[in-house]
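Taking it in order: structure first as C-alpha cells, then the write-up.
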Amino acid sequence: MLERIKRQGLAVAIMSVVCAAVIPSVALARKPQPPVPAPAMSCLFNDSHFHLTNYVQKGTDMGKYVDEIMGDKVCRSTVFGIPLQQTWSYGNSGDFAPTYYLQSDAPLYYYSFTDAYIANAYLKLKPEQRQRLDPMITGFNPADMYAVDHIRRVLETYPGVFTGIGEFTIHKEFVSSKVAGEIASLTNPALDRILDFAGEVGLAVILHSDIDMPFAKAGAEPVFLKQMKDLLRRHPQTTIIWAHLGLGRVVHPVQGQATSDAAERNPAYRELVEAMITDPTLSHVYFDISWDEVAKYAVSSPESIENTAAMLNKYPERFLFGTDNVAPNDQATQLRVYDMWAPIWGKLTPEASLKVRRGNYERVFDAARVRVRAWERANVK
Ligand SMILES: [Zn+2]
C-alpha cells in the first residue's frame, strides 16, 4: 500500500511537471502562470475515452465536467465530441427528434464543427482545469483523402489544445451503414494518410473498428481481424488505442470451441488479444476497456472475471480504462462504468491496477502532448 501511495505521488509529481510544460502558449505569452495544483490523490482513474457531446452535438458544459463530474474522483480525462451527426429527417420520424443513431433510419453525416466547439470550450477554461483534459480531434471523414488536411487545419487554428485524434470509427455495428457517402474501410489509403500524419505529429489515436460483423458465424475468424492487424502494422510510428477491444453490442467475444480443430480456427477472444499483445510488430498498439457493453462481457461470469483479471495482470502496460460515457449529467453517472469493473479491480495487483486506471494514460497522453506541442512550435506560424 505504501509503495502504491509512493508511486501515485511520483506519478502526480511527474504529471505536474509535464503539464506545467504544456500549458497552451497563448496563456503562457500573457503572464507567467502560478504552479498548477495536482488533482486530488483520492482520484480513482483517468478516463481515456469520454464524449462530451452526443449524436446531435449536445452535451455537458466542459467546466462543469471538470469541476463537478470529474471532481476529485476522475484525475484526468480525454474529451471529444462525436463526429457523426444524426439527421432529423421529418419524412422519417416526423416530430420525434432522434438523439441516438438507433432512433432513426435517417443518415449520419460528418459534423466537423465539433472540433471548433471542443477547442473553444477548452480555451475558456482556467489553466488548472485545462491541465486535466486531453482534447481530441474527431470531425473528419476517414474515407476522405482530404481528412488529413482537416486535422492539420485544426492544429493550425487551435495550437496548444489537442493531444490526439479520435475516437473515430471505421466499422461499427448499426452505424457504418448509416453514414452518408462512401463507407469507411480499413484498406482505404485515406486512413493510411491519417495514421501517417498522426505518427508524424505525435497525435495519440483512438480508433473504433469492430473486429467482426454483427451476428457472425461461430467458428470463423473475425472478419476484420486481418485487415486491422495489417493496418496497424503499416503504422509502427503511430500510437494507436483500439477502442473497446474491437467489441460491440452484438459483436461479442468469440468463444473457444471444444474440438482442437475448431479452436485453432476460432481461438477464445483472449487468445486473439494475447497474440496481438505479444506480437513485436504491434508493440505500438494499446487497448481501451471502455464502454458499459464491454464491462458487461468482462463481468458476465466468474470465469470471465478470472480471465479478464489474469490478462490485465499479465500485460498491465497495454490496457487503458475509459468510460465511453456520452454527455453525463452528474458524477454518479460518470462513475457507473468504473464501478461495474469492481469485481476485476479487486483481483488486480496494485501495480496492474494503477497502470490500467492511471499510469498508461499518463504515459501515452503526456508523451503525445509533448510531441504535438513541439510539432506546433515547428509548423504553426
Ligand atoms: Zn466512444
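A few points about this structure:
- Yes/no for Val205 being within 16 Å of the ligand (Cβ to nearest atom), in contact with a strand residue (DSSP E or B) (Cβ under 6 Å, 6 or more places away or on another chain) and open to solvent by 10 Å² or more (accessible area, probe 1.4 Å): no
- Whether a residue is under 25 Å from Glu293 (Cβ atoms), of a type in the set (Gly, Ala, Ser) and open to solvent by 10 Å² or more (accessible area, probe 1.4 Å) was assessed, and Ser176 passes this test.
- Of all residues in segment 337-354, those satisfying the criterion of being open to solvent by 50 Å² or more (accessible area, probe 1.4 Å) and in a helix (DSSP H, G or I) are Asp339, Ala342, Pro343, Pro350, Glu351.
- Qualifying positions in segment 130-173 - more than 15 Å from the ligand (Cβ to nearest atom), of a type in the set (Phe, Trp, Tyr) and either open to solvent by 10 Å² or more (accessible area, probe 1.4 Å) or closer than 27 Å to Pro107 by Cβ (or both): Phe140, Tyr146, Tyr158
- Test: residue in segment 105-127 that is at pLDDT below 95 and open to solvent by less than 10 Å² (accessible area, probe 1.4 Å): yes
- The helices (runs of 4 or more DSSP H) falling completely within segment 110-157 that include 1 or more residues that are over 22 Å from Glu68 (Cβ atoms) and touching a Pro at 6+ places or on another chain (Cβ under 8 Å) map to 113-123.
- Selection of helices (runs of 4 or more DSSP H) fully inside segment 259-331 by the criterion of at least 3 residues being at pLDDT below 90 and open to solvent by 60 Å² or more (accessible area, probe 1.4 Å) returns 260-265.
- Criterion violated by Asn307 - all others in (1) without any contact (Cβ under 8 Å) to a residue 60 or more places away in the chain; (2) within 16 Å of the ligand (Cβ to nearest atom) satisfied: (2)
This table checks each residue for (1) touching a residue at least 24 places away in the same chain (Cβ under 8 Å); (2) within 13 Å of the ligand (Cβ to nearest atom).
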| residue | (1), (2) |
| --- | --- |
| Tyr286 | yes, no |
| Glu293 | yes, yes |
| Val299 | yes, no |
| Met311 | yes, no |
| Glu317 | yes, no |
| Asp324 | yes, yes |
| Asn329 | yes, no |
| Ala332 | no, no |
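- Criterion violated by Val26 - all others in (1) surrounded by 14 or more Cβ atoms within 10 Å (Cβ to Cβ); (2) at pLDDT below 95; (3) β-branched (Val, Ile, Thr) satisfied: (1)
- In segment 222-251, residue farthest from the ligand (Cβ to nearest atom) [restricted to those that are modelled with pLDDT under 75 and surrounded by fewer than 19 Cβ atoms within 10 Å (Cβ to Cβ)]: Val250
- Residue check for Arg357: open to solvent by less than 50 Å² (accessible area, probe 1.4 Å), under 22 Å from Val79 (Cβ atoms) and at pLDDT 95 or above: yes
- Scope segment 65-86; condition touching a Pro at 6+ places or on another chain (Cβ under 8 Å) and surrounded by fewer than 18 Cβ atoms within 10 Å (Cβ to Cβ); matching residues: Asp72
The values are calculated or read from the model by the stated rules, or taken from the named source; none is laboratory data. Here the structure is a predicted model, which is why all the values come from computation and not from measurement. Here the Cβ is made from the backbone with ideal geometry for all residues, glycine too, and neighbour counts use every protein chain on show. These accessible areas exclude ligands, DNA and RNA; they are computed on the full protein's heavy atoms, side chains included. Shrake-Rupley method; radii C 1.70, N 1.55, O 1.52, S 1.80 Å.
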